[in-house]
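Here's the structure we're looking at; comments come further down.
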Amino acid sequence: MSWGGGRSRDTALPVYAWRRAMPAVNVYDAGSDFVVTAELPGVRPDQFELTLTGDTLTLRGRRDPDPSIPDEAYRRQERPFGPWSRSINLPSRIAADQIRATLAQGVLTVILPKAEEVPTRQIRVTMSGD
Amino acid sequence: MDDAHSIPVRSGEVAQSGRPEPAGLPARRPSSGTPARNLEVRSPLVDIHDTEAGLLLEADVPGTSEQGLTIHVEHNVLSLHGRVESTVPESAKPLDQEYQPIDFQRSFILSDEVDRSRITAELRNGVLRIWMPRAERGQMRIIQVRAEDH
């Protein structure tokens, strides 16, 4: 980081950063819930949406660079920007009406309670006619 | 060492319920640049750009709170360490892990043109911003060399 020497923006870095698929997502089994976490630094709750279709949780949003900073002012640019979308297939059915999501310190945590298994009901058969 | 100091971090985080500090872990080590936990660390992605007043460094440190962040300047090296606290219960079994929720650590070499005494930092929604003002001309040390005639 020296003042002189002009622009030293590393063109290889943004490609590498992009390949790191923002956001990185982790999926956990916490017994009665599945927990999905995603790293979304600098993203506000109104800048993304979360949807559940069947067993698929989709996160979609965008992260925009500060428009007041001209490209040539960057000496280093590694952080990914632009639209992103991730879909996660959950291993079993979810109680869709009980999903909770929080965003704190740039980390999204989604708690997805597993749907209760429909209990197997035994049907008694009685003889008739005799 | 009087050339070493820590930079206080302002929090720009929107109000939310604070999580308690895990027991047994030091909240902060202002007098040391070493990590608070002896675990593997990862390097945060950063942008650095020029501003009118100097340089602005922005680092993605998701999962790090103001209390878990240490920024330290010693000589010409600025180092940052962010402790990452998991939001997932310890008993939870990972099914698919694309990232390791481990601490962040990275160091930068500062040029002489940064006024090290006026560096400030702010943390907001998992993004750390460090402002490094340009040293004013009057503050630059000029070392005079006197020729001695023999």
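Throughout, read-outs are computed from the coordinates displayed, never taken from laboratory work. Quick caveat: nothing in here was measured; it's all calculated off a predicted structure. Ideal geometry is used to build each Cβ from the backbone, glycine not excepted, and the neighbour counts take in all protein chains shown.
Key figures
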item: Sequence-distant residues sharing a close amide H with A:ASP33 (under 5 Å, placed H); result: A:LYS114
item: HN-Hα J in Hz across segment A:95-101 - Karplus 6.51, -1.76, 1.60, θ = phi - 60°, x for Gly and Pro; result: 7, 4, 7, 10, 6, 10, 9
item: For B:LEU55, residues with placed amide H under 5 Å, excluding near neighbours; result: B:MET132, B:ARG134
item: Least to most buried among B:THR120, B:THR70, A:THR109, A:THR126 (fewest other Cβ within 10 Å first); result: A:THR126, B:THR120, A:THR109, B:THR70
item: Segment B:44-100 - percent relative contact order, Cα under 8 Å, separation 6 or more; result: 23
item: Cβ neighbours within 10 Å from other chains - mean over B:94-106; result: 4
item: Relative contact order, percent, segment A:85-130 [alpha-carbon distance under 8 Å, six or more residues apart]; result: 32
item: Computed E for B:SER6/B:GLU90 - FRET, C-beta separation, R0 30 angstrom, nearest 0.05; result: 0.50
item: Rough spin-label spacing in nm, given labels placed 7 Å along Cα→Cβ, for B:GLN67 and B:ARG146; result: 5.6
item: For segment A:82-93, 3J(HN,Hα) per residue [Karplus equation, 6.51 cos²θ - 1.76 cosθ + 1.60, θ = phi - 60°, Hz, x = Gly/Pro]; result: x, x, 8, 7, 9, 10, 10, 8, 8, x, 8, 5
item: Between segment A:19-52 and segment B:110-135, the alpha-carbon center distance in angstrom; result: 30
item: Exposure proxy ranking, count of Cβ atoms within 10 Å, fewest first, for B:TRP131, A:TRP84; result: B:TRP131, A:TRP84
